[in-house]
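Scroll down for the structure; my scribbles are underneath it.
The values are calculated or read from the model by the stated rules, or taken from the named source; none is laboratory data. Source: prediction; values computed, not measured. All Cβ positions, glycine included, derive from the backbone under ideal geometry; neighbour counts span all protein chains shown. Accessible surface areas use protein heavy atoms only, side chains included; no ligands, DNA or RNA. Shrake-Rupley method; radii C 1.70, N 1.55, O 1.52, S 1.80 Å.
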Amino acid sequence: MNLFEVVKANINTQEVAQTYGIDVNHHGMALCPFHNDRHPSLYVSDDHYHCFACGEHGDVIDLTARLYNLSPKEAAEKLAQDFGLIYD
C-alpha cells in the first residue's frame, strides 16, 4: 500500500478534524474553519467533509492539506507521522 492508501484506510476524517481543533458535534456538524462561520455548516463524516456554506469538501488528506496549507503529499506525511502510521 502506498502512503495515501494507508492514511485513508486507517484514519477517519472526523478523528482528524477533532485532533486538529475542529469541534464536531454529535450530528457531525462543526463551524467551518475555511470561512467566517457563525453557525455550524461543515459536515464531517468518517470518510469526507463538506461545507454547505462555502462548498469546501474532500477527504482526510484534503482537510489536512487545507488546514495547514500543505500539498497532498505533505498532508499525508503529516497524518502518518501524527497518527503513528507505517507505510512503504
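Across the chain, the relative contact order, built from alpha-carbon pairs under 8 Å that are at least six residues apart, equals 30 percent. Roughly how many percent of the accessible protein surface of the chain is carbon and sulfur, given a 1.4 Å probe and a whole-percent answer? Carbon and sulfur atoms account for 48 percent of the accessible area of the chain.
Remark: the N69-H39 segment gains 8.4 nm on full extension, using 0.36 nm per residue and subtracting the alpha carbon distance.
For a paramagnetic label modelled on T19 (point 7 Å from Cα along Cα→Cβ), amide N atoms under 12 Å away belong, within region 40-64, to 60-61, 64. Where (i) 1.22; (ii) 0.97; (iii) 1.03 are the candidate values, the label of the one calculated here for Rg/Rh (Cα atoms, Kirkwood Rh) is (ii).
Return the calculated 222 nm mean residue ellipticity for the chain, to the nearest 500 deg cm²/dmol, obtained by summing -39500 (n - 2.57) across DSSP H runs with n ≥ 4 and dividing by the residue count. Write out the running numbers ahead of the final one.
Values: 4 runs with 35 residues, N = 88.
Rounded to the nearest 500, it is -11000 deg cm²/dmol.
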